[in-house]
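Data block below; observations after.
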Amino acid sequence: NHLPDDPERAPVLLVSPSSKKPRALVLVLHAYRSHGTEGYETLVGTHPEVNKLIDERRILLAMPTGRKDAYNFTYWSSTSACCGETPSDPDHLEDATYLRNLAERLLREHPTVSRSRVFTWGISNGGFQALRMACLHADLF
């Protein structure tokens, strides 16, 4: 299932529990030069039990895709240590705002998800962004 979203980004891949009544939301954030679908493939590849947990714990996974840099690679503007724009650039909060708005939208569209059960998971550049989300938006993530 894909959620059309920002026209400058790829659609958000959604994986729902078989019950279709999720209780938790996890944003899965990809690495630099990757995309949302690869974020899911990495998660399942390193943790094959994830699909079982999605059903057992009634988790909605959302795999968004970051913006493209000057080399046409996708990234999250999470830190000056890696990838794309740095936090000193004027648009450095764009990804954090985009991800928060995405989570808020999914909470509205899936009212069975508890606001206290919204998480991020990421690998590499996505891991930096997951940490950034926890710091900037601790009220939600």
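The values are calculated or read from the model by the stated rules, or taken from the named source; none is laboratory data. None of these values were measured; they are calculated from a predicted model. All Cβ positions, glycine included, derive from the backbone under ideal geometry; neighbour counts span all protein chains shown. Keep in mind that these areas ignore ligands, DNA and RNA; they rest on the heavy atoms of the full protein, side chains included. Shrake-Rupley method; radii C 1.70, N 1.55, O 1.52, S 1.80 Å.
Once the Cα atoms are used to define both axes, helix 36-46 deviates from the longest principal axis of the chain by about 60 degrees. Taking amide hydrogens as placed 1.01 Å from N in the peptide plane, the amide H of His35 sits under 5 Å from that of no residue at least 5 positions away in sequence or on another chain. Residues Asp55, Asp69 ordered from highest to lowest accessible area at a 1.4 Å probe: Asp55, Asp69. With the charge dipole of region 2-137 set up from +1 on Lys and Arg Cβ and -1 on Asp and Glu Cβ about the Cα centre, the Cα lying farthest toward the positive end among the listed residues Ser34, Cys83, Val113 is that of Val113. Relative contact order, whole percent, for region 2-137 stands at 31, derived from Cα pairs under 8 Å and 6 or more residues apart.
Once the Cα atoms of helix 125-136 and of the chain are each reduced to a long axis, what angle between those two axes, in degrees from 0 to 90 to the nearest 10, is obtained? Once rounded, the angle reads 80 degrees. Accessible surface for Phe119 stands near 100 Å², nearest 10, in the context of the full protein assembly shown (1.4 Å probe).
Taking every pair of distinct Cα atoms and averaging 1/r, then inverting, what Kirkwood hydrodynamic radius in Å comes out for the chain?
Numbers: mean 1/r = 0.0667 Å⁻¹.
Computed over Cα pairs of the chain, the Kirkwood hydrodynamic radius comes out at 15.0 Å.
Among Asn72, Asn125, Asn51, the largest mean-square fluctuation in a Gaussian network model of the chain (Cα springs under 10 Å) belongs to Asn72.
Once every DSSP H run of n ≥ 4 in the chain is given -39500 (n - 2.57) and the sum is divided by its residues, what mean residue ellipticity at 222 nm do you get, rounded to the nearest 500 deg cm²/dmol? All intermediate terms of the calculation are to be shown ahead of the outcome.
Values: 4 runs with 46 residues, N = 141.
Calculated at 222 nm, the ellipticity per residue is -10000 deg cm²/dmol.
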